[in-house]
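Worksheet: the structure to be examined is printed underneath.
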Amino acid sequence: MQAFVVQHPGGPFTLVETPRPVAGPGEVLVRIHASGVNPLDAKIRAGQAVHARQPLPAVLGVEMAGVVEEVGPAVTAFRPGDEVYGMVGGVGGLQGTLADFVAARAKLLALKPVALSMREAASLPLAAITAWEGLVDRACVHGGQKVLVHGGAGGVGHIVVQLAKAHGAEVFATVSPEKTHIVEQFGATPIDYRSVPVEEYVKKHTGGAGFDIIYDTVGGPNIDASFAAVRRYSGHVVSCLGWSNHSLAPLSFRGATYSGVFTLEPMLSGADGSHQGEILREIATLVDAGKLKPLLHARRFTSHDIEAAHAAVAAGSLGKVVVDFEALPGIPC
């Protein structure tokens, strides 16, 4: 098969011929139709993602959508021809998804949403799992709550907004003025974080009581702002970028709680990742019910544009893109 390999930190992508992987016990062989490119992938390529631990040379890419080619021993949930999606590799020494095929753990996969193209489906796994693990698994979102999402127009943030709405919450999102329309189209009340102080928007939207759940997708000072804006006693702060040092005193004085989210753990440790497959099944149900849709930039990238795709993500001009393999000769759509 063909695969794109990065030989050393910051190095170019090299197209190589490599043996096609074989589906082992508990695995399925997937012909990849589309692969997501995330800021995480750009950091791994640059050698700046210590937490992801992907030794180079390697095939990068953590998420994909494709078609099951064959199933390994003990796999009963999938069969050849199934259209699937998932977060399956690209870290911890696992082969990534910038390749023709990947042998993926069946537990990490789900049938892709019927309503989405391969390209759209490939944009979902990392963001959707990160959003679900924080909002649903940790914070236990439910109807009647007020949820604040920091970075509501971002890759994880726009999924959190939609999940919160689907669970009956009233949703607010910090966002830059030029992206207000994005969170509004998903049903959230925008908050201009550049001009409105924390105390002001807490008073305006919660009467000073604080938000029931705050999901931070930005990190840094936003975590401190979250500690000051969460509801006393019953409030919960979640962050998928809680990697810096912060004083817990403001949170403790409010009697609130905090959770971190790290979705790479099953791939890095080899732990049972079946819950992530369950999450993706739930996400597919929401998508096909019209309650969730991915936010994907209109610019299309093929395997001929992998360098450009990574450059756009690394520069921050595009938060996330998808490399579309469907356009390549020899790969059926």
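At-a-glance table
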read-out: R0 of 25 Å, Cβ-Cβ distance Arg300-His8: FRET efficiency to nearest 0.05; value: 0.30
read-out: Cross-link partners of Lys112 among lysines (Cα-Cα below 20 Å; sequence separation of 8 or more within a chain); value: Lys291, Lys293, Lys320
read-out: P(r) histogram, all alpha-carbon pairs of the range 27-85 included - 10 Å bins from 0, percent; value: 22, 36, 29, 12
read-out: The range 170-256: projected area of the alpha-carbon convex hull, averaged over directions, in nm²; value: 5.5 nm²
read-out: Kirkwood Rh, angstrom, the range 76-200 [1 / mean 1/r, Cα pairs]; value: 16.4 Å
read-out: Cleavage-rule hits, trypsin sites (Lys or Arg not before Pro), the range 1-76, DSSP coil, Cβ neighbours within 10 Å at most 15; value: Arg53
read-out: Value of Rg/Rh across the range 1-146 [Cα atoms, Kirkwood radius]; value: 1.00
read-out: Rg/Rg_ref, the range 75-150, where Rg_ref = 2.2 N^0.38 Å and atoms are Cα; value: 1.33
read-out: Percent of Cα pairs exceeding the 27 Å cut-off, where the set is the chain; value: 43 percent
read-out: Relative contact order, percent, the range 118-172 [alpha-carbon distance under 8 Å, six or more residues apart]; value: 39 percent
read-out: From the C-alpha gyration tensor of the range 220-282, square roots of 5λ in Å; value: 28, 14, 9
read-out: Unit charges at the beta carbon, dipole of the chain: most positive-side option, Thr76, Leu126, Val322; value: Leu126
read-out: Reference-scaled alpha-carbon Rg (2.2 N^0.38 Å with N residues) for the range 250-307; value: 1.76
read-out: Value of [θ]222 nm, deg cm²/dmol, for the chain, DSSP H segments ≥ 4, -39500 (n - 2.57) each, nearest 500; value: -7500 deg cm²/dmol
read-out: Relative contact order [Cα under 8 Å, 6+ residues apart], the chain, whole percent; value: 18 percent
read-out: Range of Cα positions in the range 200-306 per principal axis (Å), largest first; value: 51, 35, 30
read-out: Rg followed by Dmax, in Å, when the range 123-274 is reduced to its Cα trace; value: 14.5, 46
read-out: Average silhouette area of the range 159-208, convex hull of alpha-carbon atoms, in square nanometres; value: 3.5 nm²
read-out: The range 253-296 - accessible surface per residue (Å², probe 1.4 Å); value: 48 Å²
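The values are calculated or read from the model by the stated rules, or taken from the named source; none is laboratory data. All values reported here derive from a predicted model rather than from experimental measurement. Virtual Cβ from ideal backbone geometry, glycine too; neighbours counted across all protein chains shown. Only protein heavy atoms, including side chains, enter the accessible area calculation; ligands, DNA and RNA are left aside. Shrake-Rupley method; radii C 1.70, N 1.55, O 1.52, S 1.80 Å.
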